[in-house]
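Encoded as structure tokens, the structure appears first; notes follow it.
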Amino acid sequence: MSEIEFNNQLLSIERSLLKFAYIFTQKKEDAKDLVQETLLKGLLNRDKYVNIENFKAWIFTILRNTFINNYRRYSIQNTFRYQTEESSYIHHAEVSGSDDPHSAYSFLEMTQIVEQLNEKFRIPFKMHFQGYKYQEIAEALNLNIGTVKSRIFLSRKKLQKQLDI
């Protein structure tokens with residue numbers, strides 16, 4: 001494929017890339033940035049595209065992998081460690097999802113209720129809420145995966161009872 005054909009194909013799928021990027025980012029400006037980064041990577045790696053049948057799939061894979069790598073990089077930058085007597089675990093910085101006063105109050109109320117949980121229930125629950133997988137929590141806290149699942153389940157039940165959900 002010549003350089004001109006490559007560039008034309010790249011530009012012809014830009015709109016589709018933007019729609020696909022929006023699915024990941026949920027923000028128009030972030031989606032545009034992701035597409036721009038993807039197009040740049042596509043251009044820089046043109047030599048690695050060797051007559052693959054589906055050009056569109058190749059570029060979409062670059063976009064998806066770019067998003068995943070950026071997400072992981074962001075997650076690592078916003079991570080710090082907690083040290084407890086029994087073990088240590090990783091904690092991601094919490095970001096409030098809404099500026100609505102009612103949501104903030106509910107979030108604060110729920111946070112207070114979570115903080116009242118016994119430590120052996122609170123730590124696995126908070127880690128799970130922050131996006132850790134059961135296996136990751138089990139390894140970080142040196143527990144069996146069944147114990148982690150049980151503690152998270154029981155934490156949810158306690159919270160539901162206190163919040164009358």
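Coordinate-derived values only; no laboratory data. Computed from a prediction, not measured in an experiment: that's the story for all the values here. Here the Cβ positions follow ideal geometry from the backbone for every residue, glycine too, while neighbour counts run over all protein chains shown.
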Relative contact order (percent, whole number), region 115-165, Cα cutoff 8 Å, 6+ residue spacing: 39 percent
Links that overshoot a 30 Å alpha carbon limit, given the list 120/161; 28/149; 27/133; 133/157; 56/126: 28/149; 56/126
Separation in nanometres of the label points that stand 7 Å from Cα toward Cβ, at residue 49 and residue 163: 4.7 nm
Net charge contributed by nearby residues that have their C-beta within less than 15 Å of residue 72 (K/R +1, D/E -1): +1
